[in-house]
Each structure stands twice: as C-alpha cells, then as structure tokens.
Amino acid sequence: MTVQVHQALPIYTAIVTLLAIALYFFLATRVAVARVKFDVKLPATSGHPDFERIFRVHQNTLEWMPTFLAPLWLCAIFLSDLGAAALGLVWIAGRIVYFVGYRAAVARRLPGFFIQGIVCILLFIGAAVGIGMRLAGG
C-alpha cells in the first residue's frame, strides 16, 4: 500500500503572483499614457526624459520578474507559502516605491530598488534552505 502525501498548493504565493502581474500591467498603462503626454511615437523608446524614466521603470520591472518569480515559487514550494507571499508583497511595495521615485527623478529610484533587491536575495536564500532541507530529508 502506498501512502499519498498531500501538499497544499501555495495559494498565497499564487495571489501575490497575480498582484505582481497586475502591477506590471499597470506600469504598461503608464508608459502608454506617457507616450501621449510627451508625444513619443511608436516605436521610439526615447525622447522626453520624463517618458524615458517611466519607460525604464516598466522595462526594469520586466528585467527583474524572473529574478523575483523563480525564487518566490521555489521558496513557497520548499519552505513556506506564507513567508514567500509576505516577501512577495514587500517586493511589490518596493517596485511601487521604485516607480514613484524614478518617475520624479533618477536618483530617487534607489530606495525602491534596494527594497526589491533585498527581497529577491531573501527569497533565493529561503528557496535554497528549503531545497536543502528537502534533500536532507526534512
């Protein structure tokens, strides 16, 4: 007879993932609005400095998505759904701080950047610890 072990799906992490995608979609709408406001025609990605900063927030968020999502899910699966989701919410908050700061001035992007960067490091560590514990039989 085989015993099946049921592991609950990481529902909180799923919700945070949807929120992160919603933020990314919101940032895409900000780029579209900035294109009109600053008269930057497609396919141009440069022009008015205010447009360029908003465009970079959107692009930088895309660049960080794999670095965020992979350890988020590994941490949720192997260590803690609730812990991963909580850190994921902090990542989203960091990206919002990054957007608000960068939209105002290049130098003001750093607090949000550091918040989300630290979260990614913590998620990576959590994923590595969880995988290590699983390998060790824990």
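The values are calculated or read from the model by the stated rules, or taken from the named source; none is laboratory data. Note that this is a predicted model, so its numbers are computed, not measured. Cβ sites come from the backbone with ideal geometry, for glycine too, and all protein chains shown count toward neighbours. Ligands, DNA and RNA are excluded from the accessible area calculation, which covers all protein heavy atoms including side chains. Shrake-Rupley method; radii C 1.70, N 1.55, O 1.52, S 1.80 Å.
A few points about this structure:
- For the chain, a crude dipole built from +1 on the beta carbon of Lys and Arg and -1 on the beta carbon of Asp and Glu, taken about the Cα centre, is about 400 debye to the nearest 20.
- The range 18-85: proportion of alpha-carbon pairs further apart than 15 angstrom, %: 59 percent
- Folded to 0 to 90 degrees: helix 11-37 orientation relative to the chain principal axis, Cα: 10 degrees
- Solvent exposure of the range 48-135 as accessible area per residue, Å², 1.4 Å probe: 49 Å²
- Considering only Arg30, Arg95, Arg109, the mean-square fluctuation computed in a Gaussian network model of the chain, springs between alpha carbons under 10 angstrom, is largest for Arg30.
- One decimal place: the segment Lys41-Leu135 gains 28.5 nm when fully extended, by the rule 0.36 nm per residue minus the C-alpha distance.
- Here the accessible area of the chain is 74 percent carbon and sulfur, with a 1.4 angstrom probe and all protein chains present.
- Computed log₁₀ I(q)/I(0) - Debye formula, equal Cα scatterers, no solvent, the chain, q 0.19, 0.21 Å⁻¹: -1.01, -1.15
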